[in-house]
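> This is the structure, below, for whatever I ask next.
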Amino acid sequence: MKKELVKYGGMMAAAVVAPNVAEAGDKTPQATPERPNIIFILADDMGYGDLSCFGSKYVKTPNIDQLAATGTRFTQCYAGSGISSPSRCSLMTGKNSGHTRIRDNQCPVGGIQGIKVNARGDTTYIRRANLLPEDTTIATVLGSAGYRTCLVNKWHLDGYDPGSSPNHRGFDEFHGWTISTVHSNSPYYYPYYRFDNDKLIHIKANAHDRHVKHNTDLSTDDAIKFIKRNKKNPFFLYLAFDAPHEPYIIDNTVWYDDETWDMNTKRYAALITHMDAAIGRLIAELERMHLRDNTLIIFASDNGAAVQAPLELFNCNAGFKGRKGQLYEGGIRVPLIVNQPGKVPVQTLSNIIYFPDIMPTLAALTHSTGSLPQQTDGINILPLFYGQQVDTDHRLLYWEFPGKQRAARRGDWKSVTIKANAPLELYNLKEDITESHNLADQYPEMVAEFDSLMRASRTPSECWPLPGE
């Protein structure tokens, strides 16, 4: 078994760089370093450049930075989409947005009609799709290997079906809010209502619109309680924070009160730093319970920063073209950090990976590959976590907003359009990371090949029908 020295918490330790796994199907009652607990932490609308360890000069993220400094940092990771629902659906089901059940936040037909309330309290009627019972989730897969599973906070895959909440789609526990119960996260960031599995409970501290218990703190409390209940079982915790999704609401901006920024900018930065502090609190609890060595932590964002963010001042999307809601790099390239003391080496990897890879990777780690659905669009990248190599760069990665935008990447090349019926653009990302020089006219054969590959990378959807399908 190959070993190498890894620095963690200021100490040098011999780290096994490949897991010493048990036989497939083994259901060890407690987690081990080789078959660890798993915590997947997801930020919401946080840009690639919003972490100090990914280049931010403005936002303080010491705890996430420590995860990066003592683990593996991926510089070419892609979300499942440019907005919440399809990105999270891709993460949960291992499929690209041309195959997922949910391909956009809203659907033109099908699904279920419901009410959408914006930050000003305005209501509109829209349609949303939701995960169905036959959709296999990561929780379903890992649960088959004896893992206790829990989602905390944001799901966004229930559409307007109350029966599609996480605890009805593979998770043993759910503590958070749903789309289908509009008021379950209202007022945003200081909610009075919150789900405890199927029961809607009151956060009494926030009664009468008081700002006492921030949602980031509520979510962290729920996460810690789940861990305490399951510290003798292997567990999978999906901790999906709201931060820093707009509206930017947080009363404590102490980290940035001396800055000359406007309050919107201070609150955006504070939401991220507050989330970072919550992650530090979570890690401290793991260490107190002597679970840290047996816990793999993965951190990512669901898509790029939104138009409401201080994009130019903070360089939230790290100079990439585009933002949330677009399939340019600024909308879909996200930070990914993997950390487990003594197991995951200190390294920075440029392998091209994306959210559909997470399901087969965690299935391999937990010996639950037999429960994977017949079709996934991801590959097992687990060896990358342990200092080995996997060829991830010669396959095709695909994204779409049906009938509106589509994109694909293979190797250094990316083809994309963000306008309906507009011609495909072509970029060499190795030479032009900002997608500034469209090479489509110079390489028409490559554009035609991308177009063909994109068409083969999707199946028709009843909720997003396209002409001729």
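The values are calculated or read from the model by the stated rules, or taken from the named source; none is laboratory data. Since we're looking at a predicted model, the values are computed, not measured. Here Cβ is always computed from backbone atoms with ideal geometry, including for glycine, and neighbour counts include all displayed protein chains. Only protein heavy atoms, including side chains, enter the accessible area calculation; ligands, DNA and RNA are left aside. Shrake-Rupley method; radii C 1.70, N 1.55, O 1.52, S 1.80 Å.
> Got a number for residues in the range 117-145 being touching a residue at least 24 places away in the same chain (Cβ under 8 Å) and surrounded by fewer than 16 Cβ atoms within 10 Å (Cβ to Cβ)?
So the answer is 4.
> Go through (1) within 27 Å of LEU397 (Cα to Cα); (2) of a type outside the set (Val, Ile, Thr); (3) assigned to a helix (DSSP H, G or I) for MET275 and report which single condition fails.
(1)
> Only residues that are without any contact (Cβ under 8 Å) to a residue 12 or more places away in the chain and under 17 Å from ALA318 (Cβ atoms): list them for the range 426-445, please.
Residue satisfying the conditions is ASP432 alone.
> Restricting to the range 31-87, give me the number of residues that are in contact with a Lys or Arg (Cβ under 6 Å, 6 or more places away or on another chain) and modelled with pLDDT under 95.
Of the residues in that region, 1 qualify.
> Give the residue, chosen from PRO345, PRO335, that is part of a loop (DSSP other than H, G, I, E, B) and within 23 Å of LEU67 (Cβ to Cβ). Spell out the reasoning first.
On the way: PRO335 fails: part of a loop (DSSP other than H, G, I, E, B).
Going through PRO345, PRO335 in turn, just one is part of a loop (DSSP other than H, G, I, E, B) and within 23 Å of LEU67 (Cβ to Cβ): PRO345.
> When you scan the range 319-332, do you find a residue that is within 30 Å of PRO345 (Cα to Cα), at pLDDT 95 or above and assigned to a loop (DSSP other than H, G, I, E, B), even just one?
Yes.
> Where the second residue is among the small types (Gly, Ala, Ser) and not in a helix (DSSP H, G or I) and the first is open to solvent by 20 Å² or more (accessible area, probe 1.4 Å) and lies in the range 354-375, which pairs have Cβ atoms under 6 Å and are six or more apart or on separate chains?
HIS367/ALA24; HIS367/ALA145; SER371/SER144
> Now a separate question. Conditions first: (1) touching a strand residue (DSSP E or B) at 6+ places or on another chain (Cβ under 7 Å); (2) open to solvent by less than 30 Å² (accessible area, probe 1.4 Å). ASN294 passes all but one, so which condition is the exception?
Of everything listed in (1) touching a strand residue (DSSP E or B) at 6+ places or on another chain (Cβ under 7 Å); (2) open to solvent by less than 30 Å² (accessible area, probe 1.4 Å), ASN294 misses just condition (2).
> Please find, among ASN230, ASN185, ASN215, the residue that is more than 26 Å from ASN130 (Cα to Cα), touching a strand residue (DSSP E or B) at 6+ places or on another chain (Cβ under 9 Å), crowded, with 18+ Cβ neighbours inside 10 Å and in contact (Cβ under 8 Å) with a residue 40 or more places away in the chain.
Unique residue meeting the criteria: ASN230.
> In the list TRP255, TRP261, which residue meets the criterion of being of a type in the set (Phe, Trp, Tyr) and in a helix (DSSP H, G or I)?
Sole residue among the options that is of a type in the set (Phe, Trp, Tyr) and in a helix (DSSP H, G or I): TRP255.
> Residue by residue through the range 97-111, note down the ones that are surrounded by 17 or more Cβ atoms within 10 Å (Cβ to Cβ) and among the aliphatic types (A, V, I, L, M).
ILE102
> Would the range 348-368 turn up any residue that is assigned to a strand (DSSP E or B) and over 25 Å from GLY98 (Cβ atoms)?
Yes, because at least one residue in the range 348-368 is assigned to a strand (DSSP E or B) and over 25 Å from GLY98 (Cβ atoms).
> Within the range 404-425, track down each residue that is open to solvent by less than 50 Å² (accessible area, probe 1.4 Å), part of a loop (DSSP other than H, G, I, E, B) and in contact (Cβ under 8 Å) with a residue 12 or more places away in the chain.
The answer is GLY411, ILE418, LEU424.
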